[in-house]
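Note sheet for the following structure.
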Amino acid sequence: MNDFLRQVACCTGATQLHGQDLETVQINLGPRCTLECHHCHIGASPRRDEFMTPQIIDNLLRQLPKIDCRTVELTGGAPELHPQFRELVDNVRALSLRVAVRSNLTIHQDPGMETIAPFLAERRVALTGSLPCYLEENVDRQRGPGTFVRSIAALRRLNGLGYGLSPELPLDLVYNPGGASLPPDQTRLEESYRQRLHAEHGVAFSRLLTITNMPIGRFRADLRRQGNEEGYFALLKAAFNPRTLDRLMCRHQISVRWDGRLFDCDFNLALNLPVNTSHPDVSALSATPATRPIATGEHCLGCTAGAGSSCAGALAA
Ligand code: SF4
Ligand code: SF4
């Protein structure tokens, strides 16, 4: 039994975590990104060249109508870089499913990408973008020089289309700590973001989502370099909160990797820890039970610490 399950067993008596229902199918189209952030759990960068193939996308589109889910979320890397991105959005919308896109924001400022934002707005696609601080210095330290200024310019453009202003065009921002600490209170931080971004940049957004840095990928390598790996795990373990367990994203979603493999979440995807079934492949997506036993590890402590953490932000007040 891993440290995470030990904490679960200690608080609830359960020795295994199971899925509950399927709300979201998350599709990771590939790890290519225009940025190379310090906290990236996927190891995305402009040098990665893996993309989901047209065959896997076809297979996925055949499976989706057989699944009882409400939302398809496209992520990466930068999902907008996939050659079939627009076609996929249209095909998923044609199935009457809600589409959400996780965007690095700056991509909307890149040459040749100018028409992506109006395309998404026309189709009522929900957007979530990373902005780990309202201060330029902190954002540029995590995500690279010039990222803050370009993110603000992208947010202004998105606001101009109605994103973050109309309930039909949600624009959520994502905060993660700059180092080995837990995020502050989501509601209070959202208020600070709203005031600062409006007063200093004239920018609006829908919600702020706070996310804990997961002890995997580049962030874990940083912890190791700083000799703080053990300390961070101790912090996460001490902050274990059983009230986060019901809303853990693995209990309500499934992730499809660019190579067609199935995972309980994007973190397990990054760790190559597939779903606990005999055939963890997109061709078996509709046959994969929502109530499957979840593949867990010590990294899961990142989702249950403090107020909890997920793609949708904090999990418990
Ligand atoms: S924008 Fe997102 S996907 Fe791209 S490098 Fe940064 S964290 Fe990774
Ligand atoms: S890392 Fe994934 S599997 Fe583990 S608790 Fe978080 S969402 Fe669930």
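Read-outs throughout are calculated quantities, based only on the coordinates presented, and are distinct from any laboratory measurement. In this text the structure is predicted, and so the values were computed from the model without any measurement. Using ideal geometry, Cβ is built from the backbone for each residue, glycine included, and neighbour counts are taken over all protein chains shown.
Taking the inverse of the mean 1/r over every pair of distinct Cα atoms in region 134-289 gives a Kirkwood hydrodynamic radius of 18.3 Å. The label point for residue 21 and the one for residue 259, both projected 7 Å from the Cα toward the Cβ, are 3.4 nm apart. Distances between placed amide hydrogens fall under 5 Å for residue 172 paired with 127, 128, 129, 206, 207, all partners being 5 or more residues away or on another chain. Scaled against the 2.2 N^0.38 Å expected of a compact globular protein of N residues, the Cα radius of gyration of region 3-304 reads 0.98.
Quotient of the Cα radius of gyration of region 251-317 and 2.2 N^0.38 Å, N being its number of residues: 1.14. Could you estimate the translational diffusion coefficient of region 27-128 from the Stokes-Einstein equation, with Rh from the Kirkwood formula over C-alpha pairs, at 10 °C and 1.306 mPa s, in whole µm²/s? Using the Kirkwood radius from Cα pairs, D works out to 113 µm²/s. Using a Gaussian network model on the chain with a 10 Å cutoff between Cα atoms, which of 153, 94, 238 fluctuates the most? Among 153, 94, 238, the largest mean-square fluctuation in the Gaussian network model of the chain belongs to 94. Of the GluC sites (Glu not before Pro) found in region 118-214, those that fall in a DSSP loop while having at most 13 other beta-carbon atoms within 10 Å are 168. Taking amide H as placed 1.01 Å from N in the peptide plane, the amide H of residue 212 sits under 5 Å from that of 310, each at least 5 places away or on another chain. Once the Cβ-Cβ distance between residue 66 and residue 14 is put in as r, and R0 is 45 Å, what FRET efficiency do you end up with, to the nearest 0.05? Efficiency computed from Cβ-Cβ geometry: 0.90.
Please check: in the Gaussian network model of the chain (C-alpha springs, under 10 Å), which one of 55, 109, 186 has the largest mean-square fluctuation. Fluctuation is largest for 55. What distance in nm lies between label points placed 7 Å from Cα along the C-beta direction at residue 135 and residue 195? Distance between label points: 1.6 nm.
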